[in-house]
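Beneath this line is the structure, given in structure tokens, with notes to follow.
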């Protein structure tokens, strides 16, 4: 399996012919609201060309019309998934209901060689995290979430086994965990690799990942800050 950080909460997972994008934000649409990107998008929506897009909730940096509509147009076989509010927004944007799958916490869907499970999250509106499994590897992407007592237990239920990777939000504002809370979560989940995310996109909503990385390593975990746009082979990263 290959993994690419797209910036903010966005990731691309690849296995065989399947390309699963989670929360891709590949425009600068939020500049109109005073939130300009700190760096350019790593690619265009058409270049990313996923076969499945999962939006964890209906916020513009996770469900970006300027990203998902071009994706829908670029690949007529591209499917979309997310909580009911996400599906409703996609349909308003012109994406056919037939191309959309509703996912709520505890739900599951298959897409080619991927199994996608919806993990619990606590954020404004209906929100989920994602556990994607392929090639015997399990990757948890938290989406946006506050820390809450049932989070770790819920992620474990959704994963159905040990996690190889946990990518967690660390920015600590606007409805997200602090780096200390994120470190507590990965310390309890014990993935083979911890990855911080949801930083480095907007100057008003970023944080230094170094304290999180240090805390995770102090707990005996492997931890790495990914480079936006760089694709890595997970099995190489997990050696």
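The values are calculated or read from the model by the stated rules, or taken from the named source; none is laboratory data. Bear in mind the structure is a predicted one, so any value in this text is a computation, not a measurement. When we count neighbours, we look across all protein chains shown, and the Cβ atoms used for this are built from the backbone with ideal geometry, even at glycine.
Please go through the stretch 200-223 and pick out each residue that is in a loop (DSSP other than H, G, I, E, B), under 17 Å from residue 7 (Cα atoms) and either in contact (Cβ under 8 Å) with a residue 40 or more places away in the chain or touching a strand residue (DSSP E or B) at 6+ places or on another chain (Cβ under 6 Å) (or both).
Selection gives 200, 201, 202, 206, 209.
Quick one: what pairs do we get from the stretch 42-67, first residue on the phi < 0 side of the Ramachandran plot and surrounded by fewer than 20 Cβ atoms within 10 Å (Cβ to Cβ), second at pLDDT 95 or above and in a strand (DSSP E or B), C-beta under 6 Å, 6+ apart or different chains?
51/18; 51/19
Criterion first (surrounded by fewer than 21 Cβ atoms within 10 Å (Cβ to Cβ) and assigned to a helix (DSSP H, G or I)) does residue 227 satisfy it?
No, not satisfied.
For the stretch 115-134, enumerate the residues that are buried (at least 18 other Cβ atoms within 10 Å of the Cβ), in contact (Cβ under 8 Å) with a residue 60 or more places away in the chain and within 18 Å of residue 9 (Cβ to Cβ).
Of everything in the stretch 115-134, those that are buried (at least 18 other Cβ atoms within 10 Å of the Cβ), in contact (Cβ under 8 Å) with a residue 60 or more places away in the chain and within 18 Å of residue 9 (Cβ to Cβ) turn out to be 116, 121, 123, 126, 127, 128, 129, 130, 132.
Among the numbered conditions (1) buried (at least 21 other Cβ atoms within 10 Å of the Cβ); (2) without any contact (Cβ under 8 Å) to a residue 60 or more places away in the chain; (3) within 22 Å of residue 4 (Cβ to Cβ), tell me where residue 192 comes up short.
So residue 192 meets the others, but not (1).
Tell me which of these residue 140 doesn't satisfy, since it passes every other one: (1) closer than 29 Å to residue 113 by Cα; (2) part of a helix (DSSP H, G or I); (3) in contact (Cβ under 8 Å) with a residue 24 or more places away in the chain.
Unmet for residue 140, out of (1) closer than 29 Å to residue 113 by Cα; (2) part of a helix (DSSP H, G or I); (3) in contact (Cβ under 8 Å) with a residue 24 or more places away in the chain: (2).
Could you tell me whether any residue of the stretch 87-102 is surrounded by 23 or more Cβ atoms within 10 Å (Cβ to Cβ) and closer than 27 Å to residue 185 by Cβ?
Within the stretch 87-102, not a single residue is surrounded by 23 or more Cβ atoms within 10 Å (Cβ to Cβ) and closer than 27 Å to residue 185 by Cβ.
From the residues in the stretch 202-212 that are surrounded by 17 or more Cβ atoms within 10 Å (Cβ to Cβ) and in contact with a helix residue (DSSP H, G or I) (Cβ under 9 Å, 6 or more places away or on another chain), which one is farthest from residue 229 (Cα to Cα)?
212
Which ones in the stretch 165-192 are in a loop (DSSP other than H, G, I, E, B), under 26 Å from residue 61 (Cβ atoms) and touching a strand residue (DSSP E or B) at 6+ places or on another chain (Cβ under 8 Å)?
Matches in the stretch 165-192: 170, 176, 177, 191.
List the residue pairs whose Cβ atoms are under 8 Å apart, where the first residue sits in the stretch 165-186 and is on the phi > 0 side of the Ramachandran plot and in contact (Cβ under 8 Å) with a residue 24 or more places away in the chain, the second is surrounded by fewer than 24 Cβ atoms within 10 Å (Cβ to Cβ) and not in a helix (DSSP H, G or I), and the two are 6 or more positions apart or on different chains.
172/178; 172/207; 175/123; 175/124; 175/146
Restricting to the stretch 16-29, give me the number of residues that are buried (at least 19 other Cβ atoms within 10 Å of the Cβ), in contact (Cβ under 8 Å) with a residue 60 or more places away in the chain and at negative phi.
Number of matching residues: 3.
Collect the residues in the stretch 58-74 that are part of a loop (DSSP other than H, G, I, E, B) and either modelled with pLDDT under 95 or over 17 Å from residue 20 (Cβ atoms) (or both), keeping them in residue-number order. Steps first, answer last, please.
Let us first name the residues in the stretch 58-74 that are part of a loop (DSSP other than H, G, I, E, B), namely 58-64.
Of everything in the stretch 58-74, those that are part of a loop (DSSP other than H, G, I, E, B) and either modelled with pLDDT under 95 or over 17 Å from residue 20 (Cβ atoms) (or both) turn out to be 58, 59, 60, 61.
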